[in-house]
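Notes to accompany the following structure.
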């Protein structure tokens, strides 16, 4: 399911997903200021795996297949184990994704996107698309429950297996029923499934369009995080982060008259600024244009 824009204005982006639950062949991950610190990564490294393995046993899905799909969908690098792990607080839209540090921040980020009119959003371990699967969860919070997220994905995969009579074909359908997209995705999952967790990082590194991680920037973020902890600062709740993101959007604090669009409001504000500047500097006001 598709992968998110960063601290700039959220970009509306939707593309059809035929029977699949995902929306991107390759992960386009960007390590951001909201990325989880190392200690959180270690704490949550097995969260998705436990939920996914339970669903594989429940629905008699071949061991490791659903896990391979999760690594293709929400996998992130875990340096301690030198492997990719599925991240439960992943939010994706518009072809890019973020790994949020915790469930509260992930929920707040999705709500901020929806408030901005974005509908095409993937969530959780298995990246379930909220637009194309509107009845998958009773709430956004429910969508980030690893067990609920994995259960929906497992049931969807089982339904596709009944149609195709092949688990690997069902894995391709999880992404798309478009032949070329289906074939490429199931080949990728087959590779991850065959090689197992130890080779996941190698296979993922061969994916096209993978955005390299800025290690210097990540180090600065981690140092800032440790400094805040050392000072006793309280971590901001998820809604505070969502409010901060919304405040960065162009026109977020712009006052508009009834019926006035953003461009008109910007023009009126700019005109008022120019007139105030001319008055401060003793210049005559600009004459209004003739009708």
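The values are calculated or read from the model by the stated rules, or taken from the named source; none is laboratory data. Just so we're clear, the structure is a prediction, and the values are computed from it rather than from any experiment. When we count neighbours, we look across all protein chains shown, and the Cβ atoms used for this are built from the backbone with ideal geometry, even at glycine.
Overview of values
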| quantity | calculated |
| --- | --- |
| Among the residues listed as 125, 48, the single one being within 15 Å of residue 154 (Cβ to Cβ), touching a helix residue (DSSP H, G or I) at 6+ places or on another chain (Cβ under 6 Å) and in a loop (DSSP other than H, G, I, E, B) | 125 |
| Filter pass, residue 202 being closer than 23 Å to residue 54 by Cα and modelled with pLDDT under 95 | no |
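Results for (1) in a helix (DSSP H, G or I); (2) within 20 Å of the chain's Cα centre (by Cα); (3) at pLDDT 95 or above, shown as yes or no for each residue.
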position	(1), (2), (3)
149	yes, yes, yes
152	yes, yes, yes
155	yes, no, yes
168	yes, no, no
172	yes, no, no
180	yes, no, no
183	yes, no, no
